[in-house]
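See structure below.
The values are calculated or read from the model by the stated rules, or taken from the named source; none is laboratory data. These numbers were taken from a predicted model, which means no experiment stands behind them. Cβ placement follows ideal geometry from the backbone for every residue including glycine, while neighbour counts extend to all protein chains displayed. All accessible areas refer to the heavy atoms of the entire protein, side chains included, with ligands and DNA or RNA removed. Shrake-Rupley method; radii C 1.70, N 1.55, O 1.52, S 1.80 Å.
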Amino acid sequence: MENATEAARAGPAASGTTVVKSVCRSCHGGCGVKLHVQDGRLVRVEGDRESPLNRGRLCPIGTRTIDLVYHPDRLQYPMRRTGARGEGKWRRISWDEALGEIADRLQAIKAEFGAESIAMGTGTGRHHIRWVSRFGHALGTPNWCEPGFAQCFHPRINASILTMGDLPVNDFLSGTPPQCIVYWGHNPVNSGPDGETRFVSRDAHAAAAKTIVVDPRRTELAKEADLWLQLRPGTDDAMALAWLHTIIEEGLHDRAFVSEWTHGFDRLAERVRGYSPEWAEPITWVPAADIRAAARLYAATRPSMMEWGCAIEHTPNCIQTVRAISMLPALTGNIDVPGGWVLGMKGLGRFPSLIENLSPEMNAKRLGADRFKMLGGEGADLPAAHIPTLLTAMRDGVPYPVKAFLVFGNNTLTTFGNARMAHEALMKLDLLVVADLFMTPTCELADIVLPAASWPELDQLAGLPTIAANVVLAQRKAVRIGECKSDEEIFVELARRMKLELGTEDVDTVLAQQLARGCGVALDELRERGFHSMPMRFHKYRDGGFRTPTKKFEFHSTRMESMGYDPLPYYEEPPESPIATPGVAKDFPLVLTSGARIPFFFNSEHRQIAALRRAHPDPLVEIHPDTAAAHGIAAGDWVWIETLRGRIRQKAKLTDGIDPRVVHVEHGWWFPEEPGPEHGVWKSNANVLTRNDPPYDPAMGPYHLRGLLCRIALVRPGEA
């Protein structure tokens, strides 16, 4: 299914066909492709065999690119709402009308309520993500948001920068095979995270002598693992602390590296003294002997890779969980070594976010910045607003009113925790603008909807893995559909129309500047070649140390301490759990987890693509057969899943690869085939079940998304 596509095996390009080298962005991106264009139409998509990240292979989503580009439901021209918000009544308008109205209304809102009353929103890290905050900063507002900045990936970025000065990535490309890979809350064979495509992950997996999987579900990787630690969802911090305890207590750490290149080892050893595997067993549900065996295997097998996923970022102790796991490669000397974790080569220069345009007073108005300094303040790589605080400002005007929200590439109602609150907030806005490929439930609430270009319709750069940028790829515009514009073009045109002092440069100028600040390759040359690989250098910290205040890897974080946060990792029970809330557990006795990737979709996207939908037609809830039998549920039955926030229904998938006390629901579900304006968004949407209320992670603001309490029941005839 994920080997070279049929198109890739079909031979050379047909006569009269233009072949454009590009990079697939149907997920975060990374797979080099060749786009075949004939008479202005995309006729074939094949994997680029020369690309170091996929070597000609494409996933199921990438193979259906033509279906995406020419889908009959694509938005192809701007529209203005004519009825009440959410009524589903629209009128076609020109780009001149759309941009003129947006510019005028933004200027009026800014004049009356201040720039901070305008917020920008986007989805998971695609080609345009940095342009969203760039336009906001040019406009003068500090309030922009993306779900991943608090809950997915950016906690790893910000915590890693404070701990070791950079984000580490796995060395998939140097040719040194890892001897051990730990897959912690991550299943890369079903996803292409941050440019570390599923293909190079699979290649490394095939070469690894040993594998360890930490996951509540028996994934494909868990089935093959030497050790599978089936922990209770939301207890990753306890597991990591027990590994740290074992490695230090048994003297399994790399003494030379720890002595010369780390700060605070003795204080870490004291902190984890009480976090033994025996302490962790009743918390994690994993036998102490298995925890100890995994820690020993990891410490003894080098080089080792740590593949960590967003599952570790979905509880209010997110930052300390990330920090605890990040310390394991440092303890074992697997930092910036061939076949282990490496620090990036920065082939793509830093994006000009224009944040310097904001005054200190305006930066201080960023929603949540006063509390969550690693999200919105001095500890953030790129400061962002705290989403629950932003939604409260939209809905209730506290601490000040947010009147406008511009959303680019995000289906807010499916991807923000607590979907009901998100809906209430969007309904209160004076202006909601949404740019997307299709009419989503979020688009249906907008005042103006803009038709966004899909990835083969725009020019961009991809520096991958994200932040590290060891490979830089050129994304090329091959075709144009209707009146669609790239998000980047929309921002430039709005900035010019509003006569802003910044953000008016054309897209190519910004891209060329990034290349000049990075690998130095000219933009036209990169487009011709398709990609540029940076030669990897290892042990870079030996030239001047790590980029931290102590110049060392900081077990004891000096910067976290200076911001008033605990400088060492610790355990914190999730706020809603069998242990923390036994009263709730009486009525909601099962532990709920969510978020596993589906190989045919990307978060909430692609469900209107017929071939992909046939492969995975319905939302699935995973239930242990014993639990299902106790509730009168058979495989294929529709099942109610209910939490304190609400209930949804998904189809039962019975598996003994999940604990009888746990159920897993799929996220991102809505039903494009159902009538608007709701498109079935409330039926199976996991974020109807999630919470976004306190407690939050004190440093970064994440809330409780995994490990919640739930109950299940059979959906009986007539109930749906």
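A few remarks follow.
- Any hit, region 660-677, residues being acidic (D, E), farther than 15 Å from A419 by Cβ, modelled with pLDDT of 95 or more and open to solvent by less than 10 Å² (accessible area, probe 1.4 Å): no
- Test: residue in region 84-102 that is open to solvent by less than 10 Å² (accessible area, probe 1.4 Å), among the aliphatic types (A, V, I, L, M), more than 29 Å from L406 (Cα to Cα) and outside any helix (DSSP H, G or I): no
- The residue that is most open to solvent (accessible area, probe 1.4 Å), counting only those in region 496-539 that are of a type in the set (K, R), in a helix (DSSP H, G or I) and farther than 23 Å from H137 by Cα, is R529.
Okay, residues lined up against (1) closer than 30 Å to H71 by Cα; (2) in a loop (DSSP other than H, G, I, E, B); (3) at pLDDT 95 or above:
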site	(1), (2), (3)
A596	yes, yes, no
A629	no, no, yes
A634	no, yes, yes
W640	no, no, yes
I648	yes, no, yes
V681	yes, yes, yes
N687	yes, no, yes
D693	no, yes, yes
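- Looking across region 137-184, the residues that are part of a helix (DSSP H, G or I), over 21 Å from the mean Cα position of the chain (by Cα) and within 30 Å of L502 (Cα to Cα) come down to H137, A138, L139.
- Residue that is modelled with the lowest pLDDT [pool: residues in region 393-418 that are outside any loop (DSSP other than H, G, I, E, B) and of a type in the set (S, T, N, Q)]: T415
- Any hit, region 68-82, residues being in a helix (DSSP H, G or I) and not basic (K, R): yes
- Subset of region 76-103 [more than 18 Å from R480 (Cβ to Cβ) and hydroxyl-bearing (S, T, Y)]: T82
- The one condition in (1) touching a strand residue (DSSP E or B) at 6+ places or on another chain (Cβ under 6 Å); (2) open to solvent by 20 Å² or more (accessible area, probe 1.4 Å); (3) closer than 30 Å to P567 by Cβ that R711 fails to fulfil: (3)
- Of all the listed residues (V37, V20, V33, V43), the sole one being open to solvent by 60 Å² or more (accessible area, probe 1.4 Å) and either at pLDDT 85 or above or among the basic types (K, R) (or both) is V43.
- Residues in region 254-282 that are in contact with a Phe, Trp or Tyr (Cβ under 8 Å, 6 or more places away or on another chain) and surrounded by 18 or more Cβ atoms within 10 Å (Cβ to Cβ): V258, W261, T262, H263, G264, F265, L268, R271, Y275.
- Of the residues E493, E488, the single one that is touching a residue at least 24 places away in the same chain (Cβ under 8 Å), within 21 Å of V407 (Cβ to Cβ), open to solvent by 10 Å² or more (accessible area, probe 1.4 Å) and not aromatic (F, W, Y) is E493.
- Apart from one condition, D566 fits all of (1) farther than 26 Å from L173 by Cβ; (2) open to solvent by less than 40 Å² (accessible area, probe 1.4 Å); the exception is (2).
- Which numbered condition P316 misses (of (1) in contact with an Asp or Glu (Cβ under 7 Å, 6 or more places away or on another chain); (2) in a helix (DSSP H, G or I)): (2)
- Boolean, G668 is assigned to a loop (DSSP other than H, G, I, E, B) and either more than 15 Å from Q650 (Cα to Cα) or in contact with a Phe, Trp or Tyr (Cβ under 6 Å, 6 or more places away or on another chain) (or both): no
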